[in-house]
Structure formats: C-alpha cells, structure tokens
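Readers should treat all values here as calculations from the given coordinates under stated rules, not as data from a laboratory. Keep in mind the model is a prediction, meaning the values are calculated, not measured. Please note: Cβ atoms are built from the backbone with ideal geometry, for glycine as well, and neighbour counts cover all protein chains shown.
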Amino acid sequence: MADAAPPPEAPTAAPPPANTSPWYSDWTKPDGTLNHASLDRLPEDVRWVKEPFSKYKTADDLARGFANLTTAVGKKGLIPLEANASKEAVAERKALLDGISGVPKTGKEYGLTRPADVPESAWDGAYIEKVQDWAQKNSVGPGAMKELLSGVVAPQIKGQTAKAETDRSTFLREEDEKFNTQIALDAIPREKADALAERAAVALGFNMEDPAQAGLLKYSAVKLAMLRHAIATGEDSYVAGEGAKGEGGDAMALAQDAVHNAANPLNAPLMDPRHPQHKMAKEKVDQWFKLAAAKMQKAGR
C-alpha cells in the first residue's frame, strides 16, 4: 500500500504591514504619555536619541528634562545662559569663569597703574578704576586687562597727548606770528613790545609767577591789548610816531620810509588799496605826516 501523501501545510500568516508613518505622528498619546515604540522609526542619523528619550514617560517630563539639561550645560560654561536664568545660575557661571580666568575679587586688584611713558597729566586714575570694576564684574582676566592697557589704552593716550601738544605748538606759533605782524606794522621792536605788554599786565594785576596768568600773554589779542594799554597810559617813552611829539623829524622819517622803502612792513599795505591792512597803514602814515607838519609849524618853519 502506497504511503499516504502528507497533509498540505497550513498557509503561513502574513506579517503585519510595516508602519511607514512619520515617527512623530503617534509619539504623543492623547493623555500626554509618550509612545516609545514610535522611536524605532526615528531617522537613522538621530536614532541615537531613542535611549535618552525613552527615559521620559510624558511630554511634560521631556520638556523639564531638556530645561534641566540646558541649565546644567550652561553652568559648565559650554553654552550661554538663557536671558532669564536665575540669579543662582548667573552667580555659579561667574564663579566658574572667574576661576578659569583668574579674575580678582575686586577691581583694584587688577593693579593697573600709569605706564612710565604716559604723562601724569594725561592719566585719569578715577576712569581706570571704573574700567577695572567693569572688568571684574564681567569676568575679564588680568592678562587681558594688562594687554588692554599696554596695547590699546596707553598708545591712545600717548597719541592724543602728542596731537594736543602739536596743535598747541601750532596755535602758539600762529599767535606769535600775528603779534609780530602787528607790531611790525606799528614799527615797534619786538623786545620793546614784549616788555611793554608785560609791564601793562603787571600794572593790571597779572601775577607773572603764575603760569596760567602769564600764559595769557601768549594769545596775540591779549598781548596786543596789554601793549595798547601801555601806550595809552604813557608807559612807554618810545612808540612809533610818538617820538614826533619831541622831534618832528622822526615822524617825517618814519612816514617817508613807509612810503619809499619796499622793505618797510607798512609799504606793501600802504601801496595796495586792496590789502586788508591798507586802511590802518594809511592812517598811521597820515598821522606821522600830520605830526611832522605840526612840529614844523610850531618851530616856525
């Protein structure tokens, strides 16, 4: 008897269809709990987060865990603190940064002092104290502060000081030139003009031992005013043209020289009606001629 044929195998049950929906489509359940099975469908490049995410039961737990992790990492100085971080977190962060950079406990401990090549008059100690306090508050290391002083602050101060000195020298030179120009037009020797201006200043109460008061005579307007005062009050026995009061020939000689001598400082403005000093030169020369004429008439010539 032939062997009986084996019974047909029961059909194998088909596997359930794979879930191809995005992992986040069923990650959160209506009650707020998390469906950890959905993490199996995470993209390959971030599938490693499955394990840490699986530690949280609810969406709220995950949010709190992320906040705590962010704060912890921030405290360790890895990322900036949030704008609304607690005072405790900010204090812990500062303590960490201060320790890393060797920040002193107070601003004064930075010990920033005036470099030897910075003029004392240009050094603002009160300002530097404020800078040191700011640096301490913001956890700036001592090395950075010393570099700031030597590489930025000191060169800036020295540059400003040098420029101020150059500007002052230029200004005083121009003022001196203005004074020289005017007394040349007045035919008053420089040495005499200086002495007269100082004499008048002293008479008006200037203390020439005080650099600030004496320094005012470096301004041409002030010095010329002192000179005019000396002349007006008879402090001088010689003023261009005034010699004619005793010697008419002096006034005539001065007038003739101004008219005919091209080297005379009054000649150019006198001969050029467009010259800015023309009116002054003409009035002066006319005055000399009048003084000489008056002297001649008085002598009966």
Report summary line: Loop-resident GluC sites (Glu not before Pro) in segment 165-212 with no more than 15 other Cβ atoms inside 10 Å, DSSP not H/G/I/E/B, are GLU209
Query raised in the report: Sorted by average packing, counted as other Cβ atoms within 10 angstrom per residue and highest first, what order do 92-101, 282-291 take?
Result: 282-291, 92-101
Requested in this report: With r as the distance between the Cβ atoms of ASP176 and VAL152 and R0 = 30 Å, compute the FRET efficiency 1/(1 + (r/R0)^6) and round to 0.05.
Outcome: 0.25
**Report entry** Whichever aspartates and glutamates have a C-alpha closer than 14 Å to that of LYS218, once near sequence neighbours (fewer than 8 apart) are set aside
**Finding:** GLU174, GLU175, ASP176, GLU177, ASP194, GLU198, ASP210
Query raised in the report: On full extension of the chain, what length is gained from THR70 through SER54, given 0.36 nm per residue of separation minus the C-alpha to C-alpha distance?
Result: 3.9 nm
Query raised in the report: Separation between the ALA63 and LYS94 pseudo-spin-labels, each 7 Å from Cα along Cα→Cβ, expressed in nm?
Result: 3.2 nm
Query raised in the report: Is segment 186-239 rounded, prolate or oblate when judged by the Cα gyration tensor, a ≥ b ≥ c being the square roots of its eigenvalues, rounded requiring a/c under 1.5 and prolate requiring a/b larger than b/c?
Result: prolate
Report summary line: HN-Hα couplings for segment 42-58 via Karplus (6.51, -1.76, 1.60; θ = phi - 60°), in whole Hz with x for Gly/Pro, come out as 4, x, 4, 6, 10, 5, 5, 7, 4, 5, x, 5, 5, 6, 9, 8, 10
Query raised in the report: For Kirkwood radius over Cα pairs in Å, the choices are [x] 21.8; [y] 30.1; [z] 21.3; which was calculated from the structure?
Result: [y]
Report summary line: Among LYS108/LYS163; LYS29/LYS55; LYS57/LYS94; LYS105/LYS146; LYS158/LYS178; LYS29/LYS50, the pairs whose Cα-Cα distance exceeds 25 Å are LYS108/LYS163; LYS57/LYS94; LYS158/LYS178
Query - Förster radius 35 Å - calculated FRET efficiency between THR106 and ALA83, Cβ distance, rounded to 0.05 - result: 0.80
